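Written below as structure tokens is the structure these notes are about.
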Amino acid sequence: MRRVWYGEHGGPEVLQVEEVDVPSPGPGEVLLEVDAVGVTLPGLFHLRDLELPQRPGGELAGRVVAVGDGVEGFAVGQRVAGLTMSGAMADYAVAPAALLDVVPEDVPPVIAMALLRSGQVALAALELARLQPGDSVLVTAAAGGVGHLAVQLAKSLGAGRVVGTVSDASKAEFVRRQGADEVVLSNEARWPVEVDVVVEGVGGVVLERALQCVKPFGRLITLSAAPGRLASHDLLTGLRTVTGLSMGQVARNRPDLIGTWRRQLWTLLATGQVRPAIAAELSLEEAAKAYQLLADRANQGKVTLVP
Ligand SMILES: NC(=O)c1ccc[n+]([C@@H]2O[C@H](COP(=O)([O-])OP(=O)(O)OC[C@H]3O[C@@H](n4cnc5c(N)ncnc54)[C@H](OP(=O)(O)O)[C@@H]3O)[C@@H](O)[C@H]2O)c1
């Protein structure tokens, strides 16, 4: 089978495809024939800093071909989606059963994969930021994989005005189509926006600018591990609350929430209240091209590989 890997640091050009044996599922694991894999911004940054060699790919959808000892609730032939630790950019991949969910028969793999990862991050952010009906919301990087779904979900959950930021005006129309009432260019020094809730997925100067947009008693939730300065003075005088989201920590501390959010997402999809937009569906051999789309900040929606 084919699998994407890299053995040196650099840009997307370091990605290669190798031929390897199909892996076997260990206890608690499921072997999938992979139909869709997500390409993410952290994955792009990891090309430069993770220890080598690496086999990228965490978000996936596919069909079960074998189950390991002790696995319950999954059977050969079932369509599933969810997460694995690495190595999902491949014809076959092994994933912990605990991180997978069964996909309804009428949901395409790319949609299931994007919904259960990017959609879940977006929903978790809005829930943990305690979005209330009528609240105004600002979403940064609103054309991104997580961002466009945060815009859609904010509206579905009853938000009032929703504003999205983008780095380039060419993405504004796409963000409006996701339901945003307004779009702001993130490279402007001050954004003319005041909202109850901010979903921030970029860090750095974008985090600083976004914090200035939070109304008194409003909440900002950060999703990005990128460094960013939060001045206590801005929290104090602005009566602002800042929190963060790590899906890994949610899974460790409140695994029940993951199940709740998954069920909510399937219902929102079935009722047309959320619909992941797929920016590109590329082959394993085009992994470098897929990451280049992210590096060029050219994606509108979720970038995917379809083996
Ligand atoms: N906390 C968690 O558990 C968790 C889980 C998954 C994802 N995340 C986070 O969610 C965020 C979005 O991830 P994603 O995979 O959805 O991203 P994505 O689809 O790749 O989109 C990310 C967006 O970020 C913007 N961006 C800002 N700085 C950039 C840079 N230096 N290079 C390229 N793009 C840049 C771009 O929009 P503009 O050009 O319009 O700014 C781009 O569209 C990331 O910060 C990621 O770490 C967090």
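Among the listed residues D196, D135, D181, D168, identify the single one that is surrounded by fewer than 17 Cβ atoms within 10 Å (Cβ to Cβ), in contact with a strand residue (DSSP E or B) (Cβ under 9 Å, 6 or more places away or on another chain) and touching a residue at least 24 places away in the same chain (Cβ under 8 Å). Break it down stepwise before answering.
Values: D196 fails: surrounded by fewer than 17 Cβ atoms within 10 Å (Cβ to Cβ); D135 fails: surrounded by fewer than 17 Cβ atoms within 10 Å (Cβ to Cβ); D181 fails: touching a residue at least 24 places away in the same chain (Cβ under 8 Å).
It is D168.
Of everything in segment 235-249, what is touching a strand residue (DSSP E or B) at 6+ places or on another chain (Cβ under 7 Å) and part of a loop (DSSP other than H, G, I, E, B)? Give them in sequence order.
L239, R240, L245, listed by residue number.
Yes or no: T243 within 15 Å of the ligand (Cβ to nearest atom), within 19 Å of the chain's Cα centre (by Cα) and either surrounded by fewer than 19 Cβ atoms within 10 Å (Cβ to Cβ) or farther than 28 Å from T165 by Cβ (or both)?
Answer is yes for this residue.
Quick one: which residue in V202, V250, V163 is buried (at least 22 other Cβ atoms within 10 Å of the Cβ) and either farther than 20 Å from F45 by Cβ or of a type in the set (S, T, N, Q) (or both)?
V163
As an exercise: evaluate I221 against (1) without any contact (Cβ under 8 Å) to a residue 60 or more places away in the chain; (2) within 15 Å of the chain's Cα centre (by Cα); (3) surrounded by 14 or more Cβ atoms within 10 Å (Cβ to Cβ) and give the number of the one condition it does not meet.
Answer for I221: the failing condition is (1).
Quick one: which residue in E33, E18 is in contact with a strand residue (DSSP E or B) (Cβ under 9 Å, 6 or more places away or on another chain), over 26 Å from S118 (Cβ atoms) and in a strand (DSSP E or B)?
The unique qualifying residue is E18.
Name the pairs whose Cβ atoms lie under 6 Å apart, with the first residue in segment 257-279 and over 24 Å from N299 (Cβ atoms), the second surrounded by 17 or more Cβ atoms within 10 Å (Cβ to Cβ), and 6 or more positions between them or separate chains?
Pairs that qualify, where the first residue is over 24 Å from N299 (Cβ atoms) and the partner is surrounded by 17 or more Cβ atoms within 10 Å (Cβ to Cβ), are L257/V250; R262/D101.
Please go through (1) away from the ligand (no atom under 16 Å from the Cβ); (2) of a type outside the set (A, V, I, L, M); (3) surrounded by 13 or more Cβ atoms within 10 Å (Cβ to Cβ); (4) over 30 Å from M1 (Cβ atoms) for P307 and return the number of the only condition it doesn't satisfy.
(4)
Regarding segment 282-301, can at least one residue be identified that is at pLDDT below 95 and closer than 29 Å to K171 by Cα?
no
Got at least one residue in segment 246-255 being more than 24 Å from Q300 (Cα to Cα) and away from the ligand (no atom under 16 Å from the Cβ)?
Among the residues of segment 246-255, not one is more than 24 Å from Q300 (Cα to Cα) and away from the ligand (no atom under 16 Å from the Cβ), which makes the answer no.
Counting only residues that are part of a loop (DSSP other than H, G, I, E, B) and touching a Gly at 6+ places or on another chain (Cβ under 6 Å), how many does segment 36-56 have? First the steps, then the outcome.
Step one: list which residues in segment 36-56 are part of a loop (DSSP other than H, G, I, E, B), which gives 40, 50-53, 55-56.
Remaining after also requiring touching a Gly at 6+ places or on another chain (Cβ under 6 Å): 52-53, 55-56.
Going through segment 36-56 one residue at a time, the tally reaches 4.
If you check A210, A288, which single one turns out to be within 16 Å of the ligand (Cβ to nearest atom), in the same structural domain as E13 (by TED's automatic domain parsing) and assigned to a helix (DSSP H, G or I)?
A288
Scan segment 35-44 for residues that are within 12 Å of the ligand (Cβ to nearest atom) and more than 15 Å from G7 (Cα to Cα) and report the count. It would help to see each step written out before you state the result.
Pass one, segment 35-44, residues within 12 Å of the ligand (Cβ to nearest atom): 38-44.
Next, only the ones that are more than 15 Å from G7 (Cα to Cα) stay: 38-42.
Residues in segment 35-44 being within 12 Å of the ligand (Cβ to nearest atom) and more than 15 Å from G7 (Cα to Cα): 5 in total.
For segment 57-158, list the strands (runs of 3 or more DSSP E) that sit wholly inside it and hold at least 1 residues that are away from the ligand (no atom under 16 Å from the Cβ) and among the small types (G, A, S); which are they?
Result: 59-67, 92-96.
Within segment 213-240, track down each residue that is within 11 Å of the ligand (Cβ to nearest atom) and at pLDDT 95 or above.
I221, T222, L223 - these are the residues of segment 213-240 that are within 11 Å of the ligand (Cβ to nearest atom) and at pLDDT 95 or above.
Check R240, R254, R177, R161 and return the single one that is closer than 27 Å to L294 by Cα and out of contact with any Cys (no Cβ under 6 Å at 6 or more places or on another chain).
Within the list R240, R254, R177, R161, the selection yields R177.
The values are calculated or read from the model by the stated rules, or taken from the named source; none is laboratory data. Values in this document were obtained by computation on a predicted structure and should not be read as measured data. Heads up, the Cβs are rebuilt from the backbone with ideal geometry, glycines too, and the neighbour counts pull from every protein chain shown.
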